[in-house]
Amino acid sequence: MDNEVGQSFALPQLDGRVLSTLNADGSRRWITPREVRGRLWKARFIVAWVLIAIFTALPWMRIAGKPPILLDVALQQFTFFGTTFRPTETLLLALIMLTLFVGIFLVTALWGRVWCGWACPQTIYLEFVYRPLERLFLGKAYGKKNSAVAGWRRLLMYAVFLILSAHLANTFLAYFVGTDRLIHWTLASPDEHPAAFVVFALTTALMMFDFVLFREQMCTIVCPYGRFQSALLDNNSLIIGYDIARGEPRANSSQRRALDAQQKHAGDCVSCSMCVQVCPTGIDIRDGLQLECVNCTQCIDACNDVMIKVGKPEGLIRYARQNQLVQNKSVGLRYRLLIYPLIMLILVSVVVVLLLRRQPASIEQVRIIGGNFTTAVDGIHTPIRLMIENYTEDARTFAITGTNNVRLEKETTLLVPALDAATIDLTVVCAPDTFGRGSRSGVLFINGPDHFSQSVSISIAGPFIAHNAIGNANKIKKGE
């Protein structure tokens, strides 16, 4: 019975690895890729350090006195290249986000996963900062298991990693709290801002965990962007691929001699496995398109170097389209490359029009819980509440006035701080015969600096008066 139960619940035996970062038994496969400094690596090195400089400098730059990008969640202010938005500007923010998403579709359709391999901070900092430093400190022991390394070298390496992670944490937080607040927190004692210090410490710890321990698993297991981009690829998308027709059958030097003796053809691939050894996610590009491939181009440089040494033409592994690699088809008209730019043009045009027509303030009525009307000699008095949001960089005073059939019990003004919102409670007075089924609509005028003027529609609670009762009341007034 025990044997039967054990057999019925036996785990399936898997052929090979499930993930490139896991061994067949489920243990972590530590990847220590070799470095090949080919033509594409040099181009990526330049791009990487330019982007690192931009990532670091962007929070410190100023456009119209504000950072180019600031996502201040605490103050609910989102700044993009000189313009600050409030979270209530949902239409504008939604259109901007939608434009970014369509831009991702377009970039992926044109150049595949170019973001992952060339511009993603995870790839840039890991491959051009942390791993080079690790190679420097570990020397010949890098990539070799059970190799003895002087304790001081390893300790110094982790100390440098900690400093780098703290710097990255500060840079990351600067996009959310601003550099002014960050400088104040850095120079002041942690006792003055314990919550901010805890956030900084946790962010630093996460950076250390990611770049020192988790590494490529962020791309292969956690990051949804890679899966999102992979789902957008088609057979005509630009990928890094292996030319099967040219490379197969693979053969090393001894196998080639055997094939030559049999007068059989051998492919250009010499089975050196250099493309696997340099891959930062541990895949074999010769197995075809894979989710784990981040398009870092290391396999291209490594293969080109080998091809030059064995006297073969470069490009066995190269940027290409699947149809070109598998079926040797030419790329025809791609409707995606017409539709995506058209959608982006429409979205950008709408965003520009909305920005040009953007008002310096918005006004809306806020519901009052438990508020009700009262009856007086001069009419029905109903409390209402208005919220005014100021989208400008200066504090502004707004005057609120009534209309002919909706007058205010007391006309007033409201001072609204810059890039903030304020509410005011008012009482409107209306004639009893203007109410129908317990409520009516009305209009108030709000005037502000720089010729700002806006009318706002409000809902006014009042008595429930039937139409015949209104008619009788009017007759009584007229003496009929």
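Some points to look at:
- Scanning the range 45-64 for residues being in contact (Cβ under 8 Å) with a residue 40 or more places away in the chain and small (Gly, Ala, Ser) gives a total of 1.
- For the range 62-118, filtered to residues that are charged (D, E, K, R) and closer than 16 Å to Val177 by Cα, the residue that is nearest to the chain's Cα centre (by Cα) is Asp72.
- Conditions (1) exposed (fewer than 14 other Cβ atoms within 10 Å of the Cβ); (2) over 32 Å from the mean Cα position of the chain (by Cα); (3) hydrophobic (A, V, I, L, M, F, W, C); (4) under 20 Å from Trp30 (Cβ atoms): number failed by Phe209: (2)
- Any hit, the range 328-341, residues being among the hydroxyl-bearing types (Ser, Thr, Tyr), at pLDDT below 95 and surrounded by 17 or more Cβ atoms within 10 Å (Cβ to Cβ): yes
- Qualifying residues in the range 346-366 (those that are of a type in the set (Val, Ile, Thr) and part of a helix (DSSP H, G or I)) - the one nearest to Thr99 (Cα to Cα): Val348
- Answer from Ala53, Ala48, Ala74, Ala43 - the residue that is surrounded by fewer than 17 Cβ atoms within 10 Å (Cβ to Cβ), aliphatic (A, V, I, L, M), touching a helix residue (DSSP H, G or I) at 6+ places or on another chain (Cβ under 9 Å) and modelled with pLDDT of 95 or more: Ala43
- Qualifying residues in the range 367-399 (those that are part of a loop (DSSP other than H, G, I, E, B) and without any contact (Cβ under 8 Å) to a residue 24 or more places away in the chain) - the one nearest to Asp420 (Cα to Cα): Ala395
- Checked against (1) exposed (fewer than 12 other Cβ atoms within 10 Å of the Cβ); (2) on the phi > 0 side of the Ramachandran plot, Gly379 passes all but a single condition, namely (1).
Matching residues to (1) modelled with pLDDT of 90 or more; (2) not small (Gly, Ala, Ser):
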residue	(1), (2)
Ile368	no, yes
Ile384	yes, yes
Ala399	yes, no
Val416	yes, yes
Thr427	yes, yes
Asp433	no, yes
Lys477	no, yes
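- For the range 428-454, the candidate set comprises residues that are in a strand (DSSP E or B) and β-branched (Val, Ile, Thr); within that set, the residue that is surrounded by the most Cβ atoms within 10 Å (Cβ to Cβ) is Val428.
- Of all residues in the range 403-420, at least one satisfies being under 30 Å from Leu92 (Cβ atoms), in contact (Cβ under 8 Å) with a residue 60 or more places away in the chain, assigned to a loop (DSSP other than H, G, I, E, B) and hydrophobic (A, V, I, L, M, F, W, C).
- Residues (surrounded by fewer than 15 Cβ atoms within 10 Å (Cβ to Cβ) and in contact (Cβ under 8 Å) with a residue 24 or more places away in the chain) located in the range 347-363: Leu354, Leu355, Arg358, Gln359
- Filter result for Asp425 (part of a strand (DSSP E or B) and among the acidic types (Asp, Glu)): yes
- So Met344, is it buried (at least 16 other Cβ atoms within 10 Å of the Cβ) and outside the structural domain of Ala461 (by TED's automatic domain parsing): yes
- Residues of the range 115-157 classified as among the aliphatic types (A, V, I, L, M), at pLDDT below 90 and assigned to a helix (DSSP H, G or I), total: 1
- Taken over the range 367-376, the criterion of being of a type outside the set (Lys, Arg), within 20 Å of Gly442 (Cβ to Cβ) and surrounded by fewer than 12 Cβ atoms within 10 Å (Cβ to Cβ) is satisfied by Asn372, Thr374, Thr375, Ala376.
- Of the listed requirements (1) touching a residue at least 40 places away in the same chain (Cβ under 8 Å); (2) within 30 Å of Thr220 (Cβ to Cβ); (3) of a type outside the set (Lys, Arg); (4) surrounded by 17 or more Cβ atoms within 10 Å (Cβ to Cβ), Val107 misses just one: (1).
- The C-beta contact set for the range 160-188 (first residue touching a residue at least 60 places away in the same chain (Cβ under 8 Å) and over 20 Å from Arg131 (Cβ atoms), second residue in a loop (DSSP other than H, G, I, E, B) and aliphatic (A, V, I, L, M), distance under 8 angstrom, 6+ apart or interchain) comprises Phe176/Val73; Val177/Ala74.
The values are calculated or read from the model by the stated rules, or taken from the named source; none is laboratory data. Keep in mind it's a predicted model, so treat the numbers as computed, not measured. Backbone-built Cβ (ideal geometry, glycine too); neighbour counts: all protein chains shown.
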